[in-house]
Amino acid sequence: MATKYDQIVREFYEEQAGFTVLLSDEPSFYKLLRGTLHKILAIRRDCLAYFQEQAPCLSEIKDKVGANQPVLVFVERLLKGRPTADFILNIRRLFPEIKVVVLTDETSQEELIFLHELGANNIITKPVSVDSLVQKLAFTIKPQGKLAQLVEAGKTFLRNGELDKVLLVSAKILEIKPDSPAALMLQGDAQSGMGQRDEALKSYLKAHEQSKVFMEPIKKLAEFYKGNDNDQYLHYLKKLDSISPLNTERKCEIGRVHLEREELDDAETYFDQAVRCAVKEAHNYLSQVMSGIAESLFDVAPEKAEKYYSKLLSVKSSSLSADDLETYNRLGIALRKQGKWMQAVENYQAALRVAPNEPGLFYNIGLAYSDGKEYAKCAKYFKRAVRSDGMIHKSAASVARNIAGIFIKVGMNDEARVVLGEALTEFPDDAKLKALLQKSEPQQT
């Protein structure tokens, strides 16, 4: 199977003179993509341009499209912490024929739906292996299966204004797969372009009936009713919102329609939701900026890193979650580096409010108490860490040594032996664990 995908990708670059433009602030992905194309697939021609800024990237895309080269664009979902939604939408508007692959870290289903709605032909969740990257490239360049290829051909005819050919392709698809939503959408678009509004409406409605979560027919239905029937327009806007709830502009539009209908409470509800979406995006950007600043200061000036970690948690105060544990942990370490062990305890206690059963927090609270020579309290939290997880002392030999050492110090030798015995199954050659185990044994009289 890998050979088949390799062949599709090579054909795109070598026979079709295809070109890839990458917009990313991660040199590691550029190295992976370059290595995959030139070393793994042995493509000899220059076929990749890398940019970290939007303007030169867009200029390169224009040049390649102007030279009639097929273009494949890779773009980060977040570039230097900022969403690239406007850039993706701009590409879709200016160059509807090119393929766009969005790069993202692990994300929610809602976010993935929103990325597809923006116009992503494919999405790559990082990190990605070479084999997976080649497959993603192949599927993006050449949709697999006869139906997918016919749909792609229909879209090309539609972009070129060849509406009769679009109808022929959609009819062919419907012969193979009756009631295909994609074929019905093509049919509706061709009918709409020919001025056959009633027929187009029937095609869009049928496409929607066949797939309730396929967004394109719902969008067409909303457009169809806009300015003609506010009830139906609002109905389909809300259907879209239920499927893809992260679209800030659509929430604003729903609010505006309610406002026109003098439904102030409903308008306010959607305006508030729009603000929350916008604030979340802003928080993501602020998080990237402040976290980057704090990390650069972490080793050389922990007191200044503390300031930025604290600001970050303050900004996100209304939306803190378990996703913010790393920030709490880094702030705690920065505090401990300055000898502010009690403030570190308070920081970790605050983190327990968003992740009440996180064993790492119990362990870190114990470390902070150990800094303050509060060994009994340290042992209490180490014990909670072991009980809540059962694995934390097996994660690293140093963790097991810290826990067992404190247990022995406060006379909890039985608990220390259990921890050491289990840790030694993972780290059987650790001399310090063995020495602690010997120290924990009952003394012979």
Worksheet item: Quick one: with all protein chains in place, what share of the accessible area of the chain is carbon or sulfur, to the nearest percent (1.4 Å probe)?
Response: 50
Worksheet item: Just for region 70-176, what percent of DSSP beta bridges are antiparallel, to the closest 5?
Response: 20
Response to the item:
Taking a probe of 1.4 Å and leaving out DNA, RNA and ligands, region 116-207 shows per residue an accessible area in Å² of 49
Practice prompt. Mind putting a number on the dipole of region 289-335 about its Cα centre? Charges go on the C-beta only, +1 for Lys and Arg and -1 for Asp and Glu, and I need it in Debye to the nearest 20.
Written response: 180
Discussion item. Please report the antiparallel percentage of the DSSP beta bridges confined to the chain, to the nearest 5.
Written reply: 10
Discussion item. Tell me the Rg and the Dmax, in Å, that the Cα atoms of region 1-83 produce.
Written reply: 13.3, 38
Discussion item. Just to be sure I understand: if I project the alpha-carbon convex hull of region 135-291 onto a plane and average over all orientations, what area do I get in nm²?
Written reply: 12.3
Worksheet item: Stretch Leu168-Gln196 to full length: gain in nm at 0.36 nm per residue minus the Cα-Cα span?
Response: 8.5 nm
Fill in: Nearest-20 debye value, region 288-445 charge dipole, Cβ charges on Lys, Arg, Asp, Glu
440
Worksheet item: Using a Förster distance of 22 Å, how high is the FRET efficiency between Leu205 and Asp231, based on the Cβ-Cβ distance and rounded to 0.05?
Response: 0.90
Item to complete: Averaged over every viewing direction, what's the projected area of the C-alpha convex hull for region 240-384? Give it in nm², one decimal, please.
Response: 10.5
Discussion item. Which one, Leu234, Met412, Ala351, is farthest towards the positive end of the dipole of the chain when Lys and Arg carry +1 and Asp and Glu -1 on their Cβ?
Written reply: Met412
Discussion item. Among Val101, Ser132, Tyr381, which residue has its Cα furthest toward the positive end of the charge dipole of the chain, with +1 on Lys/Arg Cβ and -1 on Asp/Glu Cβ?
Written reply: Tyr381
Response to the item:
Once both label points are put 7 Å beyond Cα along the C-beta direction, the Ser28-Ser398 separation in nm becomes 2.0
Discussion item. How much length would be gained if the chain were fully extended between Lys62 and Glu268, taking 0.36 nm per residue of separation minus their Cα-Cα distance, in nm to one decimal?
Written reply: 70.0 nm
Worksheet item: Farthest toward the dipole's positive end in region 174-317, which of Tyr308, Val275, Pro217, given Cβ charges of +1 (Lys, Arg) and -1 (Asp, Glu) about the Cα centre?
Response: Tyr308
Item to complete: Taking the Cα centre of region 365-430 as origin, sum charge times position over the Cβ atoms of Lys and Arg (+1) and Asp and Glu (-1), and report the length of that vector in debye to the nearest 20.
Response: 340
Item to complete: Over the Cα atoms of the chain, compute the convex hull volume and normalise it per residue, giving Å³.
Response: 205
Practice prompt. Find how much the distance from Lys4 to Lys373 grows on full extension, using 0.36 nm per residue of separation minus their present alpha carbon separation; answer in nm with one decimal.
Written response: 126.5 nm
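The values are calculated or read from the model by the stated rules, or taken from the named source; none is laboratory data. Here the structure is a predicted model, which is why all the values come from computation and not from measurement. Please note: Cβ atoms are built from the backbone with ideal geometry, for glycine as well, and neighbour counts cover all protein chains shown. Protein only, heavy atoms only, side chains kept; ligands, DNA and RNA dropped before computing areas. Shrake-Rupley method; radii C 1.70, N 1.55, O 1.52, S 1.80 Å.
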